[in-house]
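Please treat every number below as a calculation from the coordinates, not as lab data. The shown structure was predicted, so the numbers you read here are calculated from the model rather than taken from an experiment. Neighbour counts run over all protein chains shown; Cβ positions are idealised from the backbone, glycine included.
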């Protein structure tokens, strides 16, 4: 699961107005799709200022690495690591595990989505990411640590969880 969220979107929208904000979000969605689709992500939805996607192990050999490649690409496409101020502040959370994937709803109102603790945890990790950062669960980091060696682990408390979670914060701000 990957959640990519625009940081400070309320104040951005207030400053630039609804039409320009919609244009900015459409640019962000285009960037996210350009990063996610080549990694065979299933785009679940665009939720306001956030993109939610998941990776199916049957679609690639290493879904955790695919999610991290997509996250890195999103952050680079919004300007992180360019030596300039990014044109949009984005934080990302990634978690991996089992989830319910399918149709939910009733009658004429239904949706295709992913649900469960894995999904909720990914969303909570994204809440901890600052602009230009990817917060990954310990299980994800164990699969990508060769690509990102030496990133120290830390414990964080997240809403709804009784125990702290082990995470690694990978920054692309510089």
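Segment residue 143..residue 174, full-extension length gain: 8.8 nm, with 0.36 nm per residue of separation and the alpha-carbon distance subtracted.
Per-residue packing, averaged as other Cβ atoms within 10 Å, sorts the ranges 5-11, 96-102 into the order 5-11, 96-102, beginning with the highest.
A straight chain from residue 34 to residue 112 at 0.36 nm per residue would run longer than the Cα-Cα distance by 25.9 nm. Take the alpha-carbon centre of region 79-135, take the same for region 30-46, and report the distance between them in whole Å. With region 79-135 and region 30-46 each reduced to a Cα centre, they are spaced 12 Å. Ranked by the mean number of other Cβ atoms within 10 Å of their residues, highest first, the peptides 136-143, 68-75, 155-162 fall in the order 68-75, 136-143, 155-162. Helix content alone sets the calculated 222 nm mean residue ellipticity of the chain: runs of n ≥ 4 DSSP H residues at -39500 (n - 2.57) each, divided across all residues, give -11000 deg cm²/dmol. Values (1) 50, 40, 34; (2) 39, 38, 29; (3) 107, 34, 29 are given for comparison; Cα extents along the principal axes in Å, derived from the coordinates here, is the one labelled (1).
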